1. So is B:Ser319 small (Gly, Ala, Ser) and assigned to a helix (DSSP H, G or I) or not?
2. A:Glu284 versus (1) among the acidic types (Asp, Glu); (2) away from chain B (no Cβ under 14 Å); (3) crowded, with 22+ Cβ neighbours inside 10 Å: which is the lone unmet condition?
3. If B:Ser398 meets every condition in (1) at the interface with another protein chain (Cβ under 10 Å from one of its Cβ atoms); (2) assigned to a loop (DSSP other than H, G, I, E, B) apart from one, which number is that one?
4. Can you pull out the helices (runs of 4 or more DSSP H) entirely within region B:178-291 that have at least 3 residues that are in the same structural domain as B:Phe314 (by TED's automatic domain parsing)?
5. Name the pairs whose Cβ atoms lie under 6 Å apart, with the first residue in region A:277-296 and outside the structural domain of A:Phe118 (by TED's automatic domain parsing) and under 15 Å from A:Gln108 (Cα atoms), the second among the aliphatic types (A, V, I, L, M) and in a helix (DSSP H, G or I), and 6 or more positions between them or separate chains?
6. Identify, from the list B:Ile375, B:Ile365, the residue that is surrounded by fewer than 22 Cβ atoms within 10 Å (Cβ to Cβ), closer than 30 Å to B:Gly230 by Cα and either among the hydrophobic types (A, V, I, L, M, F, W, C) or at pLDDT below 80 (or both).
7. Looking at region B:13-24, which of its residues are at the interface with another protein chain (Cβ under 10 Å from one of its Cβ atoms) and within 15 Å of B:Tyr421 (Cα to Cα)?
8. Regarding B:Ser251, is this residue free of Cβ contacts under 8 Å to residues at least 60 places away in the same chain and within 14 Å of another protein chain (Cβ to nearest Cβ)?
Amino acid sequence: MNEKGTSLWATAWQQLRRRRMICSCLWVLGAFLVLALYGEILHQWYRFKDQTPPYQRVDLQKRYIPPSVFRHPLAPSPDGALPGLATVACRLANHPLGTDNLGRDVLQRTIQGARIAFLVGVVTSLIAIPIGVVLGCVAGYFGRWVDDLVVWLYTTVACMPGLLFVLAIAMVVGKGLMGIYLGIGLTTWVGLCRLVRAEVMKHRERAYVMAARSLGFSSGRIVFRHILPNVFHIIIITFSLRFPAAIGTEVFMSFLGIGVQGEPSWGVMVSNARLRLWQGVWWEMTAVTVVIVVVVLAFNLVGDALRDALDPRLKSQE
Amino acid sequence: MIRFIIRRLLYLIPTVFGVILITFILFYAVGGSPASVALGKNASPQALEEFDEQKGFNKPLFAGFWTDTRALPAWESKEGMSSPAVLPVGTDSAASSGGGYRRVMPGGRYRLPTAFGLRKGTAYRLRVVCRSAEGGVLRLMEGTDAVAEAAVTAGRGWTRRDLCFKVESDDTLVLEGLQGGIELRSIRLQRRVLHVFDSQLIHFLGKLLRWDLGESIATSQKVTTMLRRGVGPSLLLTVPIFVGELVLSLSLALICAYFRDRWPDRALVFFSVALLSINYLIWIIIGQFFLAYKLSWFPIWGMESWTNLLLPVFIGIVSSMGANLRFYRTIMLDEMYKDYVRTAFAKGRSPAGVLFGHVLPNAMIPVITNTVVAIPFLYTGSLLLESFFGIPGLGGMSINAINSSDVEVVRGVVWVGALLYAGASLVSDICYALVDPRVKLR
């Protein structure tokens, strides 16, 4: 057993690692994950202690503090002496990205926003991907009326006018995170379902499925134990490409005020910062914009690279 | 071809039915009655009931004979709840509570506190879940006349009893216990509807057939009028975006295909991913702030002349170009590697000749289907652009409606949008069959 075989995943990983751009994107995503986890821990900690977390604490004395770099961190101390290294570091670490109109720290709020964005990406995927995969597998494998039913279902859902449908679901469910989860989760499974269905249809006729069938395995076992691993790369690709889309939609919904309530999400921050922009308070807007763009860009690039590495044929089927 | 079109038309029926069903489930079954939104929190049950009667919300959802009425709020005890939150049975002091259940004493009479008079000549039923240790009889009286009676056999288990009656007078309803004491777990007053299909679904279908989309809760305008009025400005905004972006991204995609895998292509690909990653919202805010406010190149807000449309159209094109450029490039590249392209190059046609004479027509097939399907979305306008730039179209209207929970308007826009989309996918399939004869064989 000395023969060295590389799996699809190992080959893909090697392909990704060879590209420097993708590596840096992966680092960005790693940082995003860490920040989101940190935000979650912080959030749970303050909830456990039943205190107002610092990113929600209003301090009108500290309104509109610009980012620390713009506050002359090298300015001499009151006694005229040049500031020491420790003083400069201290000054830089104090509200590094400035504060907003209620004196809340922009950096901390951005981290909380990362937490919400991460939650939205994961939870909506947990809703949409199982629906798409199960329906797609079932339709592709059993064909006939099951297939007709599933095709009918997804054509119908695909007919609903995109973003408006998401907003309508959120409106009916009620404002808050649950509305975002359900709105995005229940509408974005169609593409995946189509892809999985087409792929499973192809696999249904393959020799290994015939063999499994002649061994008397149950349909459920064949579909989910034998076929599903062979179409799993589609799920991975879809996940990495729908994540940024979900983040974008969350920003949009929270901005409109039907999304996150009473928590600092990126959308809430954009909506807040937009009004201050006209007063010349640019740092909150800049911080949020840069973070959103960087995270979404990293996700898109990694998703594209994953798709090229795992299944280039999917490109034209978007 | 005719047969293909007819078959495709028949496919449309289940799709439209599905759209109706989804809209119905979303706005009626999940959403429920918008009465309290429309009339405020302190509206009387009678006003709410009248609102529901007018809009058809006081019927069974799909089918059925009985429907809840707001005259007597349905009451159910939660086990172990000792203090009665709702006291539906009687103001009589004899009504004692044991473990959260209402107890009907033998010989006791309890007035049912109906919020408003029941409809005369209509059948009602009082559905109670009860039990009695020693067995008893529940009797319902209208004033002093007994109208219904149900015997409760002795036992520990809960049983359901229906007391059906027809309302004849304005007298109050009185529940009387005979023989043994009876414990009540839940009480529900329901009204009988005209027939089994006198339901919200059928009501909704009928309204759709008459093209009656209801009235806005906020402005009490007809939704159809609002749609008709909003469609013009929306199209003024979305059609230029659509056309401009199609032309621009197609020509850039051709450039990509020509320079495939060389630096202009790579640069354009990265550019499109970058464009794609910038949120729509950010484009609008930055564009409005810098181009309109700081530089005053464009008007900021309103809909006075065509110059108001320039900036939103520009932002619309830029923000949606990324995704489309990428999509068209993939299509073009798929074609570029095919044999006929190599043959064309081999026989000495110029690159431009190959691109425009061979690649573009073949690549048009997926482009057309993609484009036709996108057309109905023009109708809803652009949600954000319109509300940001003060264009009185359907997009801004929908956003306002969602913010004020104006269910009827949202439902109207969603429903018409879905209908248009279903129609467009039909047209797109027919186009596909027209330009690509292989399709019909399938």
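1. yes
2. Going through the list (1) among the acidic types (Asp, Glu); (2) away from chain B (no Cβ under 14 Å); (3) crowded, with 22+ Cβ neighbours inside 10 Å, A:Glu284 breaks only (2).
3. Tallying (1) at the interface with another protein chain (Cβ under 10 Å from one of its Cβ atoms); (2) assigned to a loop (DSSP other than H, G, I, E, B), B:Ser398 fails exactly one: (2).
4. It comes to B:223-258, B:263-277, B:280-286.
5. Once the first residue is outside the structural domain of A:Phe118 (by TED's automatic domain parsing) and under 15 Å from A:Gln108 (Cα atoms) and sits in region A:277-296, no partner that is among the aliphatic types (A, V, I, L, M) and in a helix (DSSP H, G or I) comes close enough.
6. Step by step, each of B:Ile375, B:Ile365 is checked, and only B:Ile375 is surrounded by fewer than 22 Cβ atoms within 10 Å (Cβ to Cβ), closer than 30 Å to B:Gly230 by Cα and either among the hydrophobic types (A, V, I, L, M, F, W, C) or at pLDDT below 80 (or both).
7. B:Pro14, B:Thr15, B:Val16, B:Phe17, B:Gly18, B:Val19, B:Ile20, B:Ile22, B:Thr23
8. The answer is no for B:Ser251.
The values are calculated or read from the model by the stated rules, or taken from the named source; none is laboratory data. Because the structure is predicted, anything quoted here is derived from the model rather than measured. All Cβ positions, glycine included, derive from the backbone under ideal geometry; neighbour counts span all protein chains shown.
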